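S.K.: Got a structure for you, written out below as structure tokens; questions coming shortly.
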Amino acid sequence: MSPVSPVRPRAEPAQLLDLAVHAAVQAGQMLSKGRSPGRPEVVCTKSSPTDVVTEMDRASERLIIDRIRAERAGDAFLGEEGGYLQPANQTLVRWVIDPIDGTVNYLYGLPDWAVSIAAEQSGTVLAGVVHVPERGELFTAVRGGGAWLRRDTQRGRDAEAVRLRCAAEVPIDQALVATGFGYQAASRAMQGEVVAALLPAVRDIRRGGSCAVDLCSVAAGRVDAYYERGINYWDRAAGGLIAAEAGALLGGLPGQPPGPELTIAAGPGLFEELQRLLATLSRRPGA
Ligand code: LIP
């Protein structure tokens with residue numbers, strides 16, 4: 001007879017968020033202070049020669065995992081840089097970590113990079129934080145509790161949290177749409193064709209360089225929508241919850257959840273129109 005796995009109680013989302021915030025702020029301080037005046041050393045590349053890993057990506061992921069394990073030894077981790085302990089049991093809490101989302105911005109000294117940490121259980125993200133140290137911004141959400149922004153976190157001040165609401169019912173021709181591009185030349189060529197076809201239909205396009213920051217920008221109404229192909233789960237796990245808790249709809253191709261094929265986030269009204277348009281554009285020959 002196979003052993004029956006013990007039923008674990010549902011983890012407390014507010015406590016998970018608290019731990020995620022502490023780990024993210026600590027990692028953000030290390031990344032900001034530890035950044036050398038020149039460019040950080042690239043230790044290896046992944047999907048293409050421009051898809052880099054710096055020593056700081058690895059140090060950040062190590063710090064976050066060690067910080068969380070010190071309090072929750074039995075949890076599982078999925079980290080962009082190879083974080084370990086895949087769950088044997090779906091009811092474990094799993095931490096989904098992008099130690100630097102927007103690594104190329106970090107490499108060049110541009111401010112839009114983030115530490116992104118989500119906590120999920122049984123496949124549902126319960127809590128998420130996206131910390132943007134160079135802007136002193138901390139975006140947080142727990143499922144069902146709304147999305148929030150606190151500023152000046154780096155300076156240790158307990159700034160008041162502001163509740164976020166995404167823009168709703170924006171007509172597509174008025175929409176400011178953020179997007180991003182993958183690291184492989186062939187997928188960039190396709191992404192270029194899609195964006196060229198979309199550009200005349202919208203207000204304008206933005207390419208910030210971090211999926212996590214883009215999703216928080218949707219949450220804060222700083223852009224009206226975000227879409228991208230080729231996004232990994234660690235890029236969007238925390239930002240996706242924050243956007244959803246701010247009222248955004250998230251999805252992929254029509255009828256699909258967000259995934260590597262397509263990730264879209266936008267307020268009601270715009271989401272449906274953008275999804276239809278992107279589905280048509282990605283069916284075109286060559287796209
Ligand atoms: C990056 C994303 C960015 C996207 C890149 C890449 P990384 O993540 O956040 O928006 O366009 O393809 O996935 O590599 O900096 O963690």
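The values are calculated or read from the model by the stated rules, or taken from the named source; none is laboratory data. What you see is a predicted model, and the numbers here were worked out from it, not measured in a lab. Virtual Cβ from ideal backbone geometry, glycine too; neighbours counted across all protein chains shown. When the accessible area is computed, the model is the full protein with side chains, heavy atoms only, and any ligands, DNA or RNA have been set aside. Shrake-Rupley method; radii C 1.70, N 1.55, O 1.52, S 1.80 Å.
S.K.: Test each condition in (1) closer than 22 Å to residue 40 by Cβ; (2) among the hydroxyl-bearing types (Ser, Thr, Tyr); (3) buried (at least 24 other Cβ atoms within 10 Å of the Cβ) for residue 140 and report the one that comes out false.
M.R.: Against the list (1) closer than 22 Å to residue 40 by Cβ; (2) among the hydroxyl-bearing types (Ser, Thr, Tyr); (3) buried (at least 24 other Cβ atoms within 10 Å of the Cβ), residue 140 comes up short only on (1).
S.K.: Also, I was wondering about something else. Which one of 261, 272 is over 26 Å from residue 186 (Cα atoms) and either open to solvent by 20 Å² or more (accessible area, probe 1.4 Å) or in contact with a helix residue (DSSP H, G or I) (Cβ under 6 Å, 6 or more places away or on another chain) (or both)? Before the answer, list the steps.
M.R.: Values: 261 fails: over 26 Å from residue 186 (Cα atoms).
272 is the lone residue from the list that is over 26 Å from residue 186 (Cα atoms) and either open to solvent by 20 Å² or more (accessible area, probe 1.4 Å) or in contact with a helix residue (DSSP H, G or I) (Cβ under 6 Å, 6 or more places away or on another chain) (or both).
S.K.: What number of residues within the range 169-202 are buried (at least 16 other Cβ atoms within 10 Å of the Cβ) and not in a helix (DSSP H, G or I)?
M.R.: 11
S.K.: Just need a number here: residues in the range 24-78 that are acidic (Asp, Glu) and within 24 Å of residue 137 (Cα to Cα). Walk me through it before giving the result.
M.R.: Keep residues of the range 24-78 that are acidic (Asp, Glu), which gives 41, 51, 55, 57, 61, 66, 71, 75.
From what is left, the residues that are within 24 Å of residue 137 (Cα to Cα) are 55, 57, 61, 66.
Within the range 24-78, residues that are acidic (Asp, Glu) and within 24 Å of residue 137 (Cα to Cα) number 4.
S.K.: So, residue 59, is that one away from the ligand (no atom under 13 Å from the Cβ), touching a helix residue (DSSP H, G or I) at 6+ places or on another chain (Cβ under 9 Å), part of a helix (DSSP H, G or I) and modelled with pLDDT of 90 or more or not? Steps first, please.
M.R.: Values: away from the ligand (no atom under 13 Å from the Cβ): yes; touching a helix residue (DSSP H, G or I) at 6+ places or on another chain (Cβ under 9 Å): yes; part of a helix (DSSP H, G or I): yes; modelled with pLDDT of 90 or more: yes.
In short, yes.
S.K.: Name the strands (runs of 3 or more DSSP E) wholly inside the range 81-168 in which the number of residues that are within 18 Å of the chain's Cα centre (by Cα), β-branched (Val, Ile, Thr) and modelled with pLDDT of 95 or more is 1 or more.
M.R.: Values: elements: 93-101, 114-121, 124-132, 137-142, 147-151.
So the answer is 93-101, 114-121, 124-132, 137-142.
For every residue, the table says whether it meets (1) within 16 Å of the ligand (Cβ to nearest atom); (2) under 29 Å from residue 73 (Cβ atoms).
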| position | (1), (2) |
| --- | --- |
| 100 | yes, yes |
| 108 | yes, no |
| 113 | yes, no |
| 118 | yes, yes |
| 125 | no, yes |
| 133 | yes, yes |
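S.K.: Looking at 240, 247, 267, 252, which is the one that is in contact with an Asp or Glu (Cβ under 6 Å, 6 or more places away or on another chain) and either modelled with pLDDT of 95 or more or open to solvent by less than 40 Å² (accessible area, probe 1.4 Å) (or both)?
M.R.: Details: 240 fails: in contact with an Asp or Glu (Cβ under 6 Å, 6 or more places away or on another chain); 247 fails: in contact with an Asp or Glu (Cβ under 6 Å, 6 or more places away or on another chain); 267 fails: in contact with an Asp or Glu (Cβ under 6 Å, 6 or more places away or on another chain).
Only one candidate passes the filter, namely 252.
S.K.: Between 201, 225, which is touching a helix residue (DSSP H, G or I) at 6+ places or on another chain (Cβ under 8 Å), more than 27 Å from residue 117 (Cβ to Cβ) and in contact (Cβ under 8 Å) with a residue 12 or more places away in the chain?
M.R.: On the way: 225 fails: more than 27 Å from residue 117 (Cβ to Cβ).
Result: 201 is the single residue among 201, 225 that is touching a helix residue (DSSP H, G or I) at 6+ places or on another chain (Cβ under 8 Å), more than 27 Å from residue 117 (Cβ to Cβ) and in contact (Cβ under 8 Å) with a residue 12 or more places away in the chain.
S.K.: Another one. For the range 206-282, which fully contained strands (runs of 3 or more DSSP E) count at least 3 residues that are more than 11 Å from the chain's Cα centre (by Cα), within 14 Å of the ligand (Cβ to nearest atom) and not aliphatic (A, V, I, L, M)?
M.R.: Of the strands (runs of 3 or more DSSP E) lying wholly inside the range 206-282, those with at least 3 residues that are more than 11 Å from the chain's Cα centre (by Cα), within 14 Å of the ligand (Cβ to nearest atom) and not aliphatic (A, V, I, L, M) span 225-228.
S.K.: Name the residue that is farthest from the ligand (Cβ to nearest atom), counting only residues in the range 64-74 that are touching a residue at least 40 places away in the same chain (Cβ under 8 Å) and surrounded by 20 or more Cβ atoms within 10 Å (Cβ to Cβ).
M.R.: So in the range 64-74, the residues touching a residue at least 40 places away in the same chain (Cβ under 8 Å) come out as 64, 67-68, 71-72.
Applying the additional criterion that residues be surrounded by 20 or more Cβ atoms within 10 Å (Cβ to Cβ) yields 64, 68.
Values: 64: 14, 68: 19 Å.
Once the filter is applied, the top-ranked residue is 68.
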